[in-house]
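None of the figures in this text is laboratory data; all of them are computed from the coordinates on show. Treat the numbers as computed from the prediction; the structure is a model and nothing was measured. With ideal geometry, Cβ positions are generated from the backbone for all residues, glycine too; neighbour counts draw on all protein chains shown.
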Amino acid sequence: MSDFIVSARKYRPATFDTVVGQGSITSTLKNAIKNHHLAQAFLFCGPRGVGKTTCARILAKTINCFSPTPATEACNQCESCKSFNSGQSLNVYELDAASNNSVDDIRALIEQVRFAPQLGQYKVYIIDEVHMLSAAAFNAFLKTLEEPPKHAIFILATTEKHKIIPTILSRCQIFDFSRIRIEDIANHLLFVAKSEGIEADPEALHLIAQKADGALRDALSIFDQLVSFAGQKITYQDVLNNLNILDYDYYFSIVQHLLEGNIPKTLLLFDDILQKGFDGHHFVSGLAGHFRNLMVCKDSSTLQLLEVGTQTKDKYRQQCTVTSVPFIMKALDALSRTDVGYKTARNPRLLVELTLMQIASINQVAAAPEKKKPELKEEKSGEQGSGAEHQGKKNEVSAGSLHETQAITASESSGSKEEKQPAAKNTFKSSAFSLHSLMGEKKKEEQKIRPEEVLVQMTEPVTQEQLEEKWAYYADLMKQNNKINLFSTLTNRKPVLREDMGIAFDIDNKVQEEEMLNEKPEILAFLRKELKNSGLHLILNITRNEADKRPYTPSEKFKRMAEKNPLLHRLKQEFDLDIEY
């Protein structure tokens, strides 16, 4: 039979001084023992694997030691210490509340509390995972916990303090155990490796400490696993292969590609990461952590927050010198949004790739406005000296006139095209395919005259009957295109042809006016082409006859109903109701 003992048990601390990462708590307990200020009940709470049960056992052993050392540690020589080390002490009673959580279990515990210890001063009751006790068991335990016998001390341990009822918390002296620092775990692993005669790379031990997430017991379990995998020599690559951890070098390489704006290499490297079996979400969180470490390296005062090995820390220092703070902040913002939306994305890989492409384009987008500044100044100066024609157009737009008159000739339209084309080409080239220039080109295209309007100047006579026929035909087209609101507006009243070729059309409200203004260019283009008259223009008039006005908006409908039934106003006021828009 093998005599192998896992490292978590073999190297479990036996004294307060050997407890890792909980100096403030061990100092407090030692002073309480030294000054005889022991509480009747302790509550040790904190994450898993940080030493709660270990400190409880050390405390129970030390307070029953017959000859403690000057440093307030157990002597390990007296009869009490020997019986404790051999697991035969009758002064320490441990209860696992996860499997003994009923009222009967607590009653059995209370019956034992009455008996004084046969050897030593105190009888210590350690209840692990105390939050698993039932509500009835907690209530049965209250009185004994508040007024125990002089020889009884209770030590409760839990990982979920919030599940313990307040009446129990108020009767205990609470100690909050913190996660153990990565550096402390790495040093303890190095001590264990030397004790076992194992050669271990410091970077490998540091990586194990990071993987343990502040739990020393987890770190020792991972260490035993790697010893079984690699033998008597543990390297950094062994840890990467066995624990499926993404190497730091991947992050350094991909950030370098992002800084260079090299999207193809970035995507190929991300594909290589996926091909090796790494999860995309894990990669996103790891890359965000990498950018966080780069930000930490920017200031010497925050360098202590960088919890990596010495060699890796040097790499971070080197890369942070070529990475700007705005770039890091924008990258972190993009990665945080990707982290939140990854689980709900239909195509997670595409989401990550888009994020990488956005980050790779940060430096290029930031440099683009600097190239455009001279061109913008030239355009502004050209607009200022354009003359009275441009000023007249601005005044016409600001006046908000609904009257539109168009008299377009073929020669004028061709001349305007010749003037616009060179300017458009120059703007396109000088802007280096910027978004601003493309939007400007789109606006210029929208302002161009429709082909059917510029071929000839059409002046065919138009009658009221012809106008109504084509108007009704256009309304039917809107109905076929599922524009029901516009169809209703067009068929609500008939258009009236005026002598100056103006088409007067009455509408009921601002909502209909907005619909008609949006559709106005298409309506005029259709009518001019079908009726062969370029002088047609549309004049919209909102009717002012309140008696004939029909309710259209929710507020208008409510007003009309309230006129018929005044109690609606009272109902709205008493229940503080709002009208949905």
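Let me know the shape class of the range 262-358, please: from the alpha-carbon gyration tensor, a ≥ b ≥ c as square roots of the eigenvalues, rounded when a/c is under 1.5, otherwise prolate if a/b is greater than b/c, or oblate.
Numbers: a/c = 1.94, a/b = 1.75, b/c = 1.11.
Taking the square roots of the gyration eigenvalues as a ≥ b ≥ c, the range 262-358 is prolate.
Given N residues in the range 180-330, what is Rg(Cα) / (2.2 N^0.38 Å)?
On the way: Rg = 16.4 Å, N = 151, 2.2 N^0.38 = 14.8 Å.
Ratio of Rg to 2.2 N^0.38 Å for the range 180-330: 1.11.
Which pairs, out of K10/K30; K30/K298; K479/K572; K30/K313; K211/K343, put more than 30 Å between their alpha-carbon atoms?
Details: K10/K30 24 Å; K30/K298 41 Å; K479/K572 37 Å; K30/K313 37 Å; K211/K343 23 Å.
K30/K298; K479/K572; K30/K313, as the Cα separations exceed 30 Å there.
Report the local net charge at D218: Lys and Arg +1, Asp and Glu -1, summed over other residues whose C-beta lies under 9 Å from its C-beta.
On the way: positive: R48, K211, R217; negative: D213.
Result for the local shell: +2.
Quick one: net charge around K483, please, counting Lys, Arg +1 and Asp, Glu -1 for every other residue with C-beta under 12 Å from its C-beta.
Values: positive: K479; negative: D476, E515, E519, E522.
Spelling it out: positives minus negatives among the neighbours equals -3.
Please give the Cα centre distance for the range 458-492 versus the range 72-91, rounded to the nearest Å.
If you average the Cα positions of each part, the centres end up 102 Å apart.
Over all alpha-carbon pairs in the range 174-257, figure out the percentage whose distance exceeds 17 Å.
Values: 1643 of 3486 pairs.
Considering the range 174-257, 47 percent of its Cα-Cα pairs are separated by more than 17 Å.
5 Å is the cut-off here: which amide hydrogens, built 1.01 Å from N in the peptide plane, fall below it relative to I174, excluding neighbours closer than 5 in sequence?
When sequence neighbours closer than 5 places are left aside, the close amide H contacts are L43.
Under a Cβ-Cβ cut-off of 11 Å, what is the net charge of the residues other than A230 that fall near it, where Lys and Arg count +1 and Asp and Glu count -1?
Numbers: positive: K233; negative: E199, D201, D238.
Once positives and negatives cancel, what remains is -2.
From the phi of every residue in the range 77-94, what ³J(HN,Hα) in whole Hz does the Karplus formula 6.51 cos²θ - 1.76 cosθ + 1.60 yield, where θ is phi - 60° and glycine or proline is x?
Working through the residues one at a time gives 10, 6, 5, 5, 5, 5, 5, 5, 5, 8, x, 10, 6, 8, 8, 10, 10, 10 Hz.
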